[in-house]
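Engineer: So that we are looking at the same thing, I have put the structure below in structure tokens.
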Amino acid sequence: MPALQRLFVAVAGDSGLSKQAFSFSSPAGRCETCKGTGRSEVAMDVLADLVVPCPACSGARYRPEVLAVRWQGHTVADVLAMSVVALGELLGKAEGASEGKSAVGKLLGGIDTMVRVGLGHLGLGRRRSDMSGGESQRLTLAASLLDAPTPTLYLFDEPATGLHEHDLARLVAVFQGMAKRGDLVIAAEHRTSLVRAADWVIDLGPGGGPSGGRLVAMGPPAELRDGVTAASLRGGALPE
Ligand SMILES: [Zn+2]
């Protein structure tokens, strides 16, 4: 998160802390006891290993001198732990301040993209391994929206997993924007509102697993007549 690091360097002023010091993956600033993971594993004999917060940094992942630097009253660890929506609100309030002005603008742009793909609830410090499959796919999407060339072919496997209807509408708008700029978006998906928004549907079935795999219907969603998907598009939700 280079923009966040730049912001904290601007706040740190003459403290001598570099940009790297504000990255928990760099030896310059990470807690050396846990190597920036914030976790400590306790080996158990019979049960699975127990994961507890690192005793040196209490899970904050940084050294004390890095955590002494505060932006708007928050340490870099606090900022990484808050949801991007909450961070966006804080940044919006700080936008007029001269401190790290370009970094604030850059962060706001990144946050806006994360909210658009339905990741507003995540914190910037969230590990990939702790994300759901849908979250991880949408994070890749957010990153590529910021700097991928156009046109690009995107393949998604149930990108709407875990999304509420409200956020799903946002994701649909993002996909439509991508199609408009020339990208091709292909998604395997059950959610009716996403299927309905597609230009073209390929319905495979009639059932799942071994009872599926055959072409049931194909075409624009409004013109589908056969199969469960067509019935669901006329009302009701698709079976999972
Ligand atoms: Zn630690």
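Engineer: Please state, rounded to one decimal and in Å, the Kirkwood hydrodynamic radius that the range 119-168 gives when every pair of distinct Cα atoms enters the mean of 1/r.
Structural biologist: Details: mean 1/r = 0.0838 Å⁻¹.
Computed over the range 119-168, the radius equals 11.9 Å.
Engineer: Which listed residue (67, 55, 215) has the Cα farthest towards the positive end of the charge dipole for the chain, taking +1 on Lys and Arg C-beta and -1 on Asp and Glu C-beta about the Cα centre?
Structural biologist: Farthest towards the positive end: 67.
Engineer: In whole Å, what is the distance between the alpha-carbon centres of the range 1-37 and the range 38-74?
Structural biologist: Spelled out, the Cα-based centre of one part sits 16 Å from the other.
Engineer: Work out, in µm²/s and without decimals, the Stokes-Einstein translational diffusion coefficient of the range 146-185 at 10 °C, 1.306 mPa s, Rh from Kirkwood over C-alpha pairs. Write down the numbers at each step before the final one.
Structural biologist: Details: Rh = 10.9 Å.
The estimated diffusion coefficient comes to 145 µm²/s.
Engineer: Would you mind giving the average projected area, over all directions, of the Cα convex hull of the chain in nm² with one decimal? All intermediate terms of the calculation are to be shown ahead of the outcome.
Structural biologist: Values: hull surface 69.3 nm².
Convex hull of Cα atoms, orientation-averaged projection: 17.3 nm².
Engineer: Another question, then. List the residues whose amide H sits under 5 Å from the amide H of residue 36, counting only those 5 or more places along or on another chain, with H placed 1.01 Å from N in the peptide plane.
Structural biologist: It is 31, by chain and number.
Engineer: Assuming a strict under-20 Å limit between Cα atoms, what lysine pair count do you get for the range 2-116 once near-sequence pairs (fewer than 8 apart, same chain) are dropped? If you can, show how the numbers build up before the last one.
Structural biologist: Numbers: 19/35; 19/101; 19/106; 93/101; 93/106.
The result is 5.
Engineer: Here is a follow-up. Taking the number of other C-beta atoms within 10 Å as the exposure measure, put 76, 69 in order starting with the fewest.
Structural biologist: 69, 76
Engineer: Then there's this: With the dipole of the chain worked out from charges on the C-beta (+1 for Lys and Arg, -1 for Asp and Glu) around the Cα centre, which of 168, 80, 22 lies farthest toward the positive end?
Structural biologist: Of the options given, the answer is 22.
Engineer: With each label point set 7 Å from Cα along the Cα-Cβ vector, what nm distance links residue 14 and residue 68?
Structural biologist: That separation, rounded to one decimal, is 1.5 nm.
The numbers here are math on the coordinates, done by the rules we state, and not lab data. Nothing here was measured: the structure is a model prediction, and the numbers come from that model. FYI the Cβ positions are ideal-geometry reconstructions off the backbone, even for glycines, and counts take in every protein chain you see.
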